[in-house]
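Enquirer: Before I ask anything, let me first share the structure, which is written out below as structure tokens.
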Amino acid sequence: MFIKGLLERFSAWPQRRPPEFRFTIDARALVSVFDRQEGRTIGTGFAFLRSDSVVTAKHVIEREGSERRQLSLQRMKGEPLPAVVAYRHPLLDLAVLKAETNICSTPLFPAHHRHVDDRGIAVVGYRPSRSQPGHQIALQVDHVPAFDVQIRSRTSGDEYVMEFTSPQSEPGGSGGPVLGPGGGVVAVVIESPLNGPRIVRATSVFPLLDLLRFPQYDGTA
């Protein structure tokens, strides 16, 4: 299923879904991340908990270990919005961008549980092969019925990494959300396939919850 043009809301009916796998989210919460200096789209992002705070993968907004300085968020509708890097997780491949204004009315929310049930997950990512020149972008919603979870030991605690096959994923999907059956975010894509087997990896979004819920958070952490 592709999301593009003037769509503002959509009901996700991912491919190969079981009948009960359905959710509705605000499509304006989904963006592609554009590097104005390089003149190209470099990844996917999504408004999470706050309408002006966009979560993506840290490697998307870095160049040779330093943060990119000329970033824009391409929305489903409207002109691109300039954004700055607000936070880079010191250990995990997670980052938060701060938009100059709200990008949507209803940001995505966290799932109730770290991992989902046997209904599977849905992965959303930028799809360059279906995007149009100018301001039109396409995002792919792919239902994934099964996945594995790896636990990686970190100094600050364990990292939960999901691994799964997503036949529709393309380069540019890094930073996209992984959604549970209710539409809540479970993880963030950190490895999107370049070629060969469509193996995707995603890290849990839960380490960002305290940051974004903190009342004094102003996008400069």
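Enquirer: Answer yes or no as to whether Thr101 is surrounded by fewer than 13 Cβ atoms within 10 Å (Cβ to Cβ), over 19 Å from Thr203 (Cα atoms), free of Cβ contacts under 8 Å to residues at least 60 places away in the same chain and of a type in the set (Val, Ile, Thr).
Expert: yes
Conditions (1) farther than 21 Å from Pro171 by Cβ; (2) crowded, with 16+ Cβ neighbours inside 10 Å; (3) touching a helix residue (DSSP H, G or I) at 6+ places or on another chain (Cβ under 9 Å), marked per residue:
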residue: Ala29; (1), (2), (3): yes, yes, no
residue: Phe34; (1), (2), (3): no, yes, no
residue: Gln37; (1), (2), (3): no, no, no
residue: Gly43; (1), (2), (3): no, yes, yes
residue: Ala47; (1), (2), (3): yes, yes, yes
residue: Ser51; (1), (2), (3): yes, yes, yes
residue: Tyr87; (1), (2), (3): yes, yes, yes
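Enquirer: Going by the structure shown, is Thr56 modelled with pLDDT of 90 or more and not aromatic (Phe, Trp, Tyr)?
Expert: Taking the combined requirement at face value, the residue satisfies it.
Enquirer: Going through region 65-113 one residue at a time, which ones are closer than 23 Å to Ala187 by Cα, part of a loop (DSSP other than H, G, I, E, B) and acidic (Asp, Glu)?
Expert: If the condition is that a residue be closer than 23 Å to Ala187 by Cα, part of a loop (DSSP other than H, G, I, E, B) and acidic (Asp, Glu), then Asp93 is the only one that fits.
The values are calculated or read from the model by the stated rules, or taken from the named source; none is laboratory data. Worth saying up front: this structure is predicted, and the values here are computed from it rather than measured. Note: ideal-geometry Cβ built from the backbone for every residue, glycine included; neighbour counts use all protein chains shown.
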